[in-house]
Amino acid sequence: MMERWSSNTRVSTDEESDGDDHERSYQVSDIKAKDEDSIGSVKLKRKLGVFEGVAVIIGCVVGSGIFVSPKGVLQYSGSIGLSLAVWVVSGLLSMLGALCFAELGTMIPESGGMYSYLFRAFGPVPAFLYMWVTTLTRNSAGTAVIAITFANYFIQLVLPDCEAAPEIPARLFAAALICFLTWINCTNVRWVARVQNLFTVAKMGALVIIIVAGLYHLASGHLENYQSPLAGTSWTAVAISTAIYQSLFSYTGWDYLNVVIEEMKNPSRNLPFSIILSTSLITLLYTLTNVAYFAVLTPTEMLSSNAVAMTFGSRVLGVFGWTMPVFVMLSTFGATHSSVFTQSRLIFVGARRGHFPQALSLVSIRNYTPVPAAIFNGLTILAMLVVPDISSLINYTAFSASVMHLACISALFWFRYKHPEWNRPFKVPLVIPVVFWFTQVFIMVITIVLAPLGVTGAIAIILMGLPVYYLTIYRQDVARCSSPVMEKMTIALQKVFFCLPEDRGDLH
């Protein structure tokens, strides 16, 4: 069903009887009076409770990271004991950041998450840069990492005698997966949405199997790997911060619930509650998973394996070892699809709001899917596959995410200073955003020292967004005069696709 949206009406919902109407009408009307580019009218049903909120965060966070990052964390930390401490610390840091976003989300209950907060605090330019970086670096690199993980596990399942998956075939297989999922998102989104729950169950099933098997191995008296847990520890600040960077990749996604906050029942209570429950559960699961890894595999064995979970399964599960790569493949397949799906819709929304070419806002008449946006998203992910080192992809993703999170925490400080009168149903103590802010700055500085070329590339991508914004958005007259090819392409595509520049289509 289509509905018009207007740039001068406040956010509303189909159900406004949950006892928090006064929170919904908060200061949006005050902001829009000062901002001609206010958000559009959105009508959504509040159908997400605490359980659904926890499921959203776990579904977004638990992907390939826990099957990839343990090797990188151990490589930089140097010991079992410090590796486990890094996983706990990273979980706590993620919880601090998520609590800060809970304050932002309950104070500004708008769709878009970080995009909305940056727009409200600093204007359209930072918001555009977030969209630009998320499209070209953060989500694209993260999706490429997940797809490569899927390819590694698939190749080692098909070729069990192969100690390590060949790099070029793995990248080609990952590219084929991206193309397939892009095609699915162009033609058959309903079917994929129905089986997404199966992939979420597979993610949790894989972790539960690892934890139970590892704890059973420990209970059987195999404690040799824990005799000297701190042996070989790298105590340098650079090594520890890089290890934390590696593990933080596995926690990426804790801010995704803010994107759908308009669909939550009583968000002032359920958003913080869901964040606390989910981040605590994920930290526990990740830590126990690594405890299980180290119970079975020595540090040397983990460092020599490109598929830690598969090596673990073949060692512990015996004839049922083949189930582990299947579970991991299903998990990474679902995570890859989830990223492809959400990222293509983010590009579509950005194009509809004028932050991307109009051609990317076209929607298929037959399938009601944003085909140009999905194809463009697929191309950006394929471009990330040429990065030679998977750790570089993780650092690329983590650095960009840290920049955006740092900007949003700065927005929280700005809101407290500029608008202390705004209603804050959930307000964290000031020490939490301060600690999280300084932690992000510290990790970013260490990463710049450790990997200056990768960070330089990430910063260059961010800065490249400024001239793009100036020429294509701020100076739209220049864009129209200098892009006749784009206009012709849009007109040509409109003969096949139906353009919805101001309407909200049912893309699900």
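Assorted remarks:
- Near residue 78, the amide H atoms lying under 5 Å from its own belong to 234; only residues 5 or more places off or on other chains count, and H is placed 1.01 Å from N.
- Karplus 3J(HN,Hα) series, Hz, for segment 50-58 with 6.51 cos²θ - 1.76 cosθ + 1.60 (x for Gly, Pro): 5, 4, 5, x, 4, 5, 4, 5, 5
- Computed packing ranks the peptides 171-177, 137-143 as 137-143, 171-177, most packed first, by mean other Cβ atoms within 10 Å.
- Simple spin-label estimate for residue 300 and residue 366 in nanometres, 7 Å along Cα-Cβ: 5.9 nm
- Segment residue 434-residue 52, extension gain: residue separation times 0.36 nm, minus the distance between their alpha carbons: 134.5 nm
- Rounded to the nearest Hz, the phi-derived 3J(HN,Hα) couplings of segment 329-334 under the Karplus curve 6.51 cos²θ - 1.76 cosθ + 1.60 (θ = phi - 60°) are 4, 5, 5, 6, 4, x, where x marks glycine and proline.
- Under 5 Å, built H, 5+ apart or other chain: amide partners of residue 364: 369, 371, 498
- The separation of segment 226-246 from segment 423-452, counted between C-alpha centres, amounts to 21 Å.
- Each label was represented as a point 7 Å from its Cα along the Cα-to-Cβ direction; for residue 223 and residue 168 these points are 5.1 nm apart.
- Peptides 249-259, 49-59, 230-240 ordered by packing proxy, namely the average of other Cβ atoms within 10 Å per residue, highest first: 249-259, 49-59, 230-240.
- Length added when fully stretched, residue 468-residue 419, from 0.36 nm per residue minus Cα-Cα: 14.5 nm
The numbers here are math on the coordinates, done by the rules we state, and not lab data. Keep in mind the model is a prediction, meaning the values are calculated, not measured. A quick note on method: Cβ atoms are made from the backbone with ideal geometry, for glycine too, and the neighbour counts reach across all protein chains shown.
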